[in-house]
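The values are calculated or read from the model by the stated rules, or taken from the named source; none is laboratory data. Everything quoted here is computed from the prediction, not taken from an experiment. Virtual Cβ from ideal backbone geometry, glycine too; neighbours counted across all protein chains shown.
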Amino acid sequence: MREHSHAAVAKREPSSHSPRPFLKWAGGKSQLLPELLPRLPKHYKRYFEPFLGGGALFFALSAKGAVLADVNEELVNVYLVIQERVEELIVSLSQHSHNEEYFYQVREADRSLEYASWSPVERASRFIFLNRTCYNGLYRVNSKGLFNVPFGDYANPTICDAENLRACSETLQGAKIRASSFLSIEEVAEPGDFVYFDPPYAPLTATSNFTSYAKHGFGAEDQEALRNLCDRLDKKGVFWMVSNSTAPLILGLYGRYQIERVQASRAINSKASKRGKIEEVIVRNYS
């Protein structure tokens, strides 16, 4: 894919389309928007999303001046490229092929020393290509931080949705995007701001634990650290909303706040029989 990186690039084209997530993301919130949107604070200042992922709620709100963060540096790079260099990205994405041999060539690229010299656009193009063509659209890395999801046998996957990428780019103008821990927002969130937390969910069973979207995982101690941050933000006058599973750990941690159970669609599972509606919770520190 690298030989195409210097292709001619058109100027940014305006989009008349409403943006939607450009990635398939485990736990993505597109299906849950009808539950989330009515539960937002009636008035708030700035919008924060420190577990950015697919960004479904951010794109639904088209929140101006938002502060967006994620610990996944490769993901953050994709957002920055879409914000700043979307036309170059569209050119790069249009060069990809959809076949198994090519998929594994692209997937294995981060095992090579050369990968360190790839440009941000090349890395973002690789990320989106793998996301759109890998098995179940899953993003998963091993303990070394290397992407390890196998090929997904799709008939005709959409690798480059230029219209939506341009719409996403417009919406990202003015947003502050950074690779950082969720804890870093405490320094910048002010009274009257609103934070939406969508962390990796606490597992309901020992076998359902999916936290390897970042190489360090997200365990019980991290869930407790998030709740402690919520306590501090609550005292500071910051509005927040948390999505999570109905695991006893979560119900216990947030017992003093408003917890509501909702039905969410779970689209990513290795077994089709386990996709469908599942109960989740939405926690808020406001009415």
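Kindly indicate which of LEU138, LEU130, LEU165 is more than 22 Å from SER112 (Cβ to Cβ) and at pLDDT 95 or above.
Working: LEU138 fails: at pLDDT 95 or above; LEU130 fails: more than 22 Å from SER112 (Cβ to Cβ).
Exactly one residue qualifies, and that residue is LEU165.
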(request) Mind listing just one residue for me: the one in region 20-45 that is part of a loop (DSSP other than H, G, I, E, B) and over 13 Å from the mean Cα position of the chain (by Cα) and, of those, nearest to ASN164 (Cα to Cα)? (result) LEU40
(message) Cβ contacts < 6 Å: first residue farther than 18 Å from GLU35 by Cα and touching a residue at least 12 places away in the same chain (Cβ under 8 Å), restricted to region 53-67; second residue part of a loop (DSSP other than H, G, I, E, B) and among the aliphatic types (A, V, I, L, M), any location; separation 6+ or different chain. Result?
(response) ALA66/ALA175
(request) Go through region 106-124 and give me each residue that's touching a residue at least 24 places away in the same chain (Cβ under 8 Å) and over 21 Å from SER94 (Cα atoms). (result) ARG111
(message) Let me spell it out: the conditions are (1) more than 17 Å from ALA162 (Cβ to Cβ); (2) buried (at least 18 other Cβ atoms within 10 Å of the Cβ); (3) not basic (Lys, Arg), and SER117 meets all of them except one. Which number is the exception?
(response) (2)
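Test of understanding: among PHE103, PHE151, which residue is crowded, with 19+ Cβ neighbours inside 10 Å and not charged (D, E, K, R)?
Working: PHE151 fails: crowded, with 19+ Cβ neighbours inside 10 Å.
Going through PHE103, PHE151 in turn, the sole match is PHE103.
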(message) What's the number of the only condition in (1) within 15 Å of the chain's Cα centre (by Cα); (2) at pLDDT below 95 that ARG178 fails to meet?
(response) (2)
(request) Could you please tell me which pairs satisfy a Cβ distance under 6 Å, a separation of 6+ or placement on different chains, a first residue in region 76-105 that is within 18 Å of ASP161 (Cα to Cα) and of a type in the set (S, T, N, Q), and a second residue that is in a helix (DSSP H, G or I) and at pLDDT below 95? (result) GLN95/HIS4
(message) Just the residues that are in contact (Cβ under 8 Å) with a residue 12 or more places away in the chain, more than 12 Å from VAL283 (Cβ to Cβ) and either β-branched (Val, Ile, Thr) or surrounded by fewer than 21 Cβ atoms within 10 Å (Cβ to Cβ) (or both), please, taken from region 230-261.
(response) ARG232, LYS236, GLY237, VAL238, ALA247, LEU249
(request) Looking at (1) assigned to a strand (DSSP E or B); (2) touching a Phe, Trp or Tyr at 6+ places or on another chain (Cβ under 6 Å), find the lone condition where PHE48 falls short. (result) (2)
